[in-house]
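Q: One structure, as structure tokens, below. Some questions next.
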Amino acid sequence: MEIILKQDVDNLGHKDQIVNVRPGYANNYLIPQGYAISATVSAKKILAENIKQRAHKEEKMVKDATSVAETLAAITLTIAAKASESGKIFGSVTNTNVAEAIAAKGIEVDKRNIKVEAIKELGSYKAIVKIYKDITAEVAIEVVAAE
């Protein structure tokens, strides 16, 4: 049975994608939960028009995300943390700290879109920031001792 996904579904597809699934899965789960609609001729025409209208907006979003990614890749974030004499941090530097440091530079990024390893010592690190769909930026982080 052909259906049109109304939102992303793990292991099945992305929003506005037409996929084939078993009728029971579509009729008993996807359609009642609001994840999909049946792919009728009229629904396919509406989908095609919506995709056409969204293409321009998508192009602008990708362009903006690319410029943000280039900006983030060019900067080095300095995060001050309380540390011992040996360089161990009391606590750790998390994605929340990285998001706050990025926001201080004037760029808003959701902390859930930042992947950073557990930082427990002073030094230089890298964080991966997901900006938009497949556009990511690698941000340099410098962790220094707080005065």
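Q: Within the stretch 119-127, is there a residue that is touching a residue at least 24 places away in the same chain (Cβ under 8 Å), within 15 Å of residue 142 (Cα to Cα), part of a strand (DSSP E or B) and in contact with a Ser or Thr (Cβ under 7 Å, 6 or more places away or on another chain)?
A: yes
Q: When both residues are 6+ apart or on different chains and their Cβ atoms are under 8 Å apart, which pairs have a first residue that lies in the stretch 23-51 and is at positive phi, and a second that is charged (D, E, K, R)?
A: Listed by first residue and then by second, the contacts come to 34/6.
Q: Which one of 142, 121, 147 is closer than 14 Å to residue 79 by Cβ, charged (D, E, K, R) and surrounded by 15 or more Cβ atoms within 10 Å (Cβ to Cβ)?
A: Within the list 142, 121, 147, the selection yields 121.
Q: Can I ask one more? Consider only pairs whose beta carbons are under 7 Å apart and that are at least six residues apart or on different chains; among these, list those whose first residue lies in the stretch 1-21 and is in the same structural domain as residue 52 (by TED's automatic domain parsing) and whose second residue is in a strand (DSSP E or B) and of a type in the set (Asp, Glu).
A: Filtered contacts from the stretch 1-21: 18/2; 20/2.
Q: Which condition number does residue 70 fail, the rest of (1) surrounded by 14 or more Cβ atoms within 10 Å (Cβ to Cβ); (2) under 28 Å from residue 135 (Cα atoms) being met?
A: (1)
Q: Moving to a separate point now. Determine which single condition residue 131 fails, assuming it passes every other condition in (1) on the phi < 0 side of the Ramachandran plot; (2) outside any strand (DSSP E or B).
A: (2)
The values are calculated or read from the model by the stated rules, or taken from the named source; none is laboratory data. Since this is a predicted model, take the numbers as computed values, not measurements. Don't worry about glycine lacking a Cβ; one is built from the backbone with ideal geometry, like all the others, and counts go over all protein chains shown.
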